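Written below as C-alpha cells is the structure these notes are about.
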Amino acid sequence: MTSPILDDLIALTDHHRAACKPYADYCDTLYPRDHPPQSLAELPFLPVRAFKDFDLRSVAEEDVFKVMMSSGTSGARSRIYLDRETAQLQARTLTAIFGEAFGKTRTPMLVIDSESTVKDRNRFSARTAAVNGFSIMGRDRCFALDDDMSLNLPRVTEFLQQHDGKRIFIFGFTFLVWQAFCGALRAQNHKLPLENAFLLHGGGWKKLEAEKVSNPQFKAAIAASTGCVDVRNYYGMVEQTGTIFMECPEGRLHASAWSDALVRDVHTHAALPHGEVGLIEVFSTIQKSYPGHALLTEDMGLTRPASDCACGHRGVIVEVHGRLPAAEVRGCSDAYN
Amino acid sequence: MPIIDARSFENGHWRAGFDFNAAAAFADDGIQQFLNALSRAILNDKEARGHPDLATFGYFCRKANLARAIADVPSAASRFGWGTVAHIAPGNIPLNFAFSFVMGLLAGNSNIVRLPSRHFPQTTLCVALIDRLLADPSFETIARRTRFVQTDRDSAALNGVIAEAAGLVVWGGDATVRRFRALPKSPRCVEVYFPDRVSSLLVDATGYLALSEDDARLSARRFFNDTFLVDQNACSSPTTLFWLGDKADIAQAQQRFWSLLAPILSSEYAIDPVARINRNLDIFRDVITVGRALNLTTEHDIWRLDDPEVLGLPLRFGTFLELPVTQVAQVLDSLRPNEQTLTTLGVAPEEVFRQLAADKRIPGIDRIVPVGGALDISFNWDGKEVLSILSRRVQIS
C-alpha cells in the first residue's frame with residue numbers, strides 16, 4: 001500500500017537535495033537515482049543522530065529564525081534549523097493534531113514541570129521545546145513543580161480554585177507526571193479534583209521502564225490521584241516537531257495526516273511488514289528548512305495498520321518498545337574505562 | 001591470589017606480600033618454567049581451548065615461541081627486569097592484558113596488570129589458570145611479583161602505583177595514551193605506549209588469481225579474521241586495500257575476493273545495530289569532509305570506496321577504501337602517518353618489504369605479515385622491541 005504522503009515526501013527529498021549540499025552528497029552516495037522511489041521504504045533516510053553530528057539546513061543562514069536543540073544526555077545535542085515558514089507549519093500542525101484529539105478551545109494549562117525549565121536559556125532542552133510548543137494550546141499557564149522538581153500543592157490548589165468548573169489541560173513529561181506529580185500526590189495521600197481535565201504526556205517511558213510501569217497502570221494511577229480519565233501519550237521528537245503521533249482513545253499511537261512511519265530490520269535496514277519489531281523510521285511532510293522529513297530513529301518498535309484500531313483514525317499505528325541498546329564494539333580503539 | 005577488585009585495590013591491602021622493588025634476571029629459569037606450565041595448562045584445559053584467543057595465548061607462551069623471542073634479544077644473559085611494571089590493557093579486548101603480562105614477566109619485572117573493565121569469560125578463565133599455577137610453591141617468587149587488578153577509571157591507587165613504578169605499558173587509544181603520558185612518574189620510569197594505528201592489505205592480483213579455489217577460500221577466511229572478527233576496529237585490521245596489477249586482473253581479483261568473503265559474512269557476522277547506523281553517519285562525515293558525493297559499492301553489505309581523498313578518514317564496520325597500484329612501492333604514497341600493519345595476499349611479506357625498502361626508501365609501516373596474521377601479537381610490536389625496552393641491559397667491558 002502506498003502512503004498518501006509519498007508524493008509530498010518525494011518532493012521534499014528533491015527540495016532538500018537541491019537546497020542542502022551535504023544531504024545531496026549523502027543521498028547521491030547511498031541512494032543512486034536510478035529510479036524514483038515507489039514507496040516510503042525506498043526514500044533516502046537519515047539516522048536521527050545526523051543532526052547531532054552535523055549542521056544540516058536547507059535555508060540560507062540569514063533565513064534561520066530559530067535553532068531547536070534536543071536534550072543531550074551524552075553530550076552531543078541535535079541542532080534543528082527553522083525558518084519562519086517551517087516554524088509556522090510546525091505550530092499549525094501541532095495545533096491541528098491537538099485539536100483533533102482534545103477540541104479547539106484553549107483551556108487553562110497545568111504544566112507538570114518548573115518554570116525554570118522554560119526560562120533558563122542555558123538549559124534549553126527537549127522539555128523546554130515541548131512545554132513551550134504545547135503552551136500555545138492552553139492559557140493561564142501554571143507550573144506545578146518548583147525548581148527542585150517538588151510539587152507545589154498550594155500553587156496548584158489555588159490555580160484549580162481560580163478555574164473551578166473549567167476543563168483543564170495538563171501537560172508534562174511522562175516520568176515527571178509519574179514521579180513528581182502522581183508520586184507526590186500519593187505520598188501526601190492527596191487527591192486533586194481533576195475529573196474534568198485531560199492529560200497529555202510524552203518524552204518516553206525509558207525512566208519508567210526500570211519501575212515497570214505499563215500504560216494502563218499509569219492511567220489507573222492518574223485516575224486514582226486526580227480523577228482524570230482522559231490521558232494521552234504522544235510520540236514525537238525535536239527533530240520532527242509538529243507531527244507527533246497522538247494516542248487515540250483506544251490507547252494506540254497514530255500517525256497524523258502529515259506523517260507516516262515504518263519499521264526497519266536492525267541488521268539489514270530492510271523495511272519490515274506490520275507487526276515485526278525493528279527500528280522506527282518516521283516521516284513528516286512539514287520539515288522544509290532542514291532535511292528531517294525521513295528519519296531513522298534509534299527507537300525499537302513496530303507498526304500496525306490503522307484498521308487494527310476501532311477508533312477510526314486513519315493514521316498508521318506505532319508501538320514504541322524502547323531504545324536500541326548501546327553498541328558493544330570489539331577492537332582496541334580507546335577503550336580505557 | 002584472586003583478582004583484586006576495585007575496592008581492595010584502593011585500600012592498598014594487596015601490597016602486603018607484593019615485592020614492589022623486586023626484579024629477576026631476563027627470562028630466568030623459573031619464569032620460563034612458569035610460562036611453559038601456563039602454556040600446557042591452557043592448552044590442556046577443555047574450556048580454554050574453546051576460546052580461540054585463549055588458545056592463541058597458550059601457543060604464544062609455548063617453549064619454542066619464547067625461545068625464539070629470547071634469542072632475538074641481544075645480550076639476554078646480561079639483562080634484568082627494571083622492577084614493577086604497571087600494565088594498562090584495553091577494556092574491550094579480552095586477553096591483551098595476558099600478552100602484556102608475559103612481556104613484562106619474561107623481561108624480568110614484577111607486574112601489576114589492570115584487567116579489562118568489561119567482563120569476558122576468557123579473561124576470568126585465563127586469570128584463574130594463572131592463579132592456580134601461582135599457588136604452586138615452586139612459583140612463589142613469581143606470585144609475590146604479580147597482581148591482577150580491577151580499578152575505577154580515575155583510581156587514585158592506580159595513579160599512585162604509576163607514580164612509583166619502574167615501568168608502564170599502555171595499550172590502545174590516543175586519548176588513553178595522552179591521559180597516562182600526563183601522569184606523574186618516577187624520573188627513571190620506562191614507558192611503552194601503543195596509540196591508535198591503522199592498517200592496510202596489499203593484494204597482488206596475479207598471485208591471488210593463481211591461488212587454487214581452496215586457497216582463495218582460505219584467504220577469505222583469514223581476511224575475515226583480520227577484520228570482521230574485531231568489527232574492523234583493531235589497529236591491525238586493514239581499512240585500505242591496495243590492489244596490485246593491471247586493470248583487468250584487478251577487476252577479476254576483486255570480484256573473486258569479495259564474493260568469497262560474502263558467504264562467511266552472511267553466515268557468521270552481524271554488524272551491531274548501533275554500529276550499522278554509525279556506518280551511515282561515517283559516510284555522511286566522509287562526504288562532508290571530501291565535499292562531494294562518493295562512489296560507494298555496497299555489494300554483499302560490504303561498503304567499498306574508491307576515492308583517494310577518503311584516505312585518513314576513519315573506516316569501520318566493514319567499510320574499505322580500495323586503491324589500484326601498478327608497483328608495490330606506490331603503496332608508500334598512500335600510507336597514513338600512523339600506518340602499522342600491511343597484510344599481504346598473493347605475494348610474500350619478504351618480497352613486499354624488499355620492494356618497499358629498495359632504493360633507500362623508508363617503508364612507513366611497522367609490520368608486514370601474511371593475510372590472517374594481522375592480529376597475531378608479537379614481542380616486536382608497533383616497531384618496539386618490547387622485551388628489550390622492558391629489561392635493563394648491563395654494559396660489561
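Here, each number is a calculation from the coordinates, and none is a lab measurement. Predicted model only: the values in this text are computed from it and were never measured. In this analysis, Cβ positions are derived from the backbone assuming ideal geometry, glycine residues included, and neighbour counts consider all displayed protein chains.
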Which residues qualify? For A:Arg232, with a placed amide H closer than 5 Å and at least 5 residues away or on another chain, they are A:Leu199, A:Leu200, A:His201
Plugging the Kirkwood radius over Cα pairs into Stokes-Einstein for the range B:51-149, at a temperature of 10 °C and a viscosity of 1.306 mPa s, what D comes out in µm²/s?
-> 111 µm²/s
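Shape of the range A:89-235 from its Cα gyration tensor (a ≥ b ≥ c, root eigenvalues): rounded if a/c is under 1.5, otherwise prolate when a/b > b/c, or oblate? Spell out each step's value before the answer.
Working: a/c = 1.21, a/b = 1.13, b/c = 1.08.
Rounded.
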On each of the three principal axes of the Cα atoms of the range B:239-307, give max minus min coordinate, whole Å, ordered largest first.
-> 34, 34, 16
The set of residues whose placed amide H lies less than 5 Å from the amide H of A:His321, leaving out same-chain residues fewer than 5 positions away, is A:Met300, A:Gly301, A:Leu302
Rg over Rh [alpha-carbon atoms, Kirkwood Rh] for chain B = 0.99
Relative contact order, percent, chain A [alpha-carbon distance under 8 Å, six or more residues apart] | 17 percent
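Can you divide the C-alpha Rg of the protein assembly as shown by 2.2 N^0.38 Å and report the result to two decimal places? Let's see the in-between values first.
Details: Rg = 31.0 Å, N = 734, 2.2 N^0.38 = 27.0 Å.
For the protein assembly as shown, the normalised Cα radius of gyration comes out at 1.15.
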Just counting partner chain Cβ atoms within 10 Å, what average do the residues of peptide A:18-28 show around their Cβ?
-> 4
Using the structure shown, select from A:Lys191/A:Lys212; A:Lys104/A:Lys166; A:Lys166/A:Lys191 the pairs with a Cα to Cα distance greater than 20 angstrom.
-> A:Lys191/A:Lys212
Distance violations [Cα-Cα > 32 Å] among B:Lys46/B:Lys185; A:Lys21/A:Lys119; B:Lys360/B:Lys384; A:Lys66/A:Lys219 = B:Lys46/B:Lys185; A:Lys21/A:Lys119; A:Lys66/A:Lys219
Using a Förster distance of 22 Å, the FRET efficiency for B:Phe353-B:Ala64 (Cβ separation, nearest 0.05) = 0.35
In nm, to one decimal, how far is the A:Asp14 label point from the B:Asn21 one, both placed 7 Å along Cα→Cβ?
-> 8.2 nm
Given charges at beta-carbon only (K, R positive; D, E negative), |dipole| of the protein assembly as shown in Debye | 1760 debye
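Counting Lys and Arg as +1 and Asp and Glu as -1, what is the net charge of the other residues whose Cβ lies under 15 Å from the Cβ of B:Ser212?
Working: positive: B:Arg217, B:Arg221, B:Arg222, B:Arg256; negative: B:Glu213, B:Asp214, B:Asp215.
The answer is +1.
For the range A:1-89, what is the convex hull volume of its Cα atoms per residue in Å³?
Details: hull volume 10.9 nm³, N = 89.
Measuring per residue, one finds 123 Å³ for the Cα hull of the range A:1-89.
For a Förster distance of 51 Å, can you work out the FRET efficiency between the beta-carbons of B:Asn11 and A:Asp148, rounded to the nearest 0.05?
0.90
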Label point 7 Å beyond Cα of B:Arg40 along Cβ direction - residues of the range B:97-136 with amide nitrogen under 13 Å = B:133
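Which percent, to the nearest 5, of DSSP beta bridges fully inside chain B are antiparallel? Don't skip to the answer; put the middle values down first.
Details: 8 of 50 bridges.
Of all bridge pairs located within chain B, approximately 15 percent are antiparallel.
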Evaluate the distance, in nm, between pseudo-label points positioned 7 Å from the Cα of B:Ser334 and of B:Ser378 along their respective Cα→Cβ axes.
-> 2.5 nm
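Which net charge results for the neighbourhood of B:Phe242, defined as the other residues with beta-carbon distances under 11 angstrom from its beta-carbon, given Lys and Arg at +1 and Asp and Glu at -1?
Numbers: positive: none; negative: B:Asp204, B:Glu322, B:Asp333.
Its environment carries a net charge of -3.
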What distance in nm separates the simple spin-label points at B:Arg393 and A:Thr105, each placed 7 Å from Cα in the Cβ direction?
-> 9.3 nm
With the dipole of the range A:89-235 defined by +1 on each Lys or Arg Cβ and -1 on each Asp or Glu Cβ, the option from A:Thr93, A:Leu151, A:Leu194 whose Cα lies farthest towards the positive pole is A:Thr93
Averaged over peptide B:280-293, how many Cβ atoms belonging to another chain are found within 10 Å of each residue's Cβ?
-> 6
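Tell me, A:Lys219, A:Lys207 in order of fewest to most beta-carbon neighbours within 10 Å? Could you put the intermediate results ahead of the total?
Working: A:Lys219 18, A:Lys207 15.
Lowest to highest Cβ neighbour count: A:Lys207, A:Lys219.
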Convex hull of the range B:198-370 built on C-alpha atoms - directionally averaged projected area, nm² = 9.6 nm²
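Nearest 500 deg cm²/dmol is fine: what mean residue ellipticity at 222 nm does the protein assembly as shown get from its DSSP H runs of n ≥ 4 alone, each adding -39,500 (n - 2.57), divided by its residue count?
So the helix-based figure for the protein assembly as shown works out to -10000 deg cm²/dmol.
Around B:Ala262, with a cut-off of 14 angstrom between Cβ atoms, what is the net charge of the other residues, counting Lys and Arg +1 and Asp and Glu -1? Before the final figure, lay out each step's value.
Working: positive: B:Arg217, B:Arg221, B:Arg256, B:Arg304; negative: B:Glu268, B:Glu299, B:Asp301.
Net charge around B:Ala262: +1.
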Between B:Asp131 and A:Ala60, Cβ-based FRET efficiency (R0 60 Å, step 0.05) works out to 0.35
Let me know the charge dipole size of the range B:198-370 about its Cα centre in debye, to the nearest 20, where only the beta-carbon of Lys, Arg (+1) and Asp, Glu (-1) is charged.
-> 280 debye
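How much length would be gained if the chain were fully extended between B:Ser186 and B:Asp306, taking 0.36 nm per residue of separation minus their Cα-Cα distance, in nm to one decimal? If you can, show how the numbers build up before the last one.
On the way: separation 120, 0.36 × 120 = 43.20 nm, distance 4.83 nm.
Going from the current span to full extension adds 38.4 nm.
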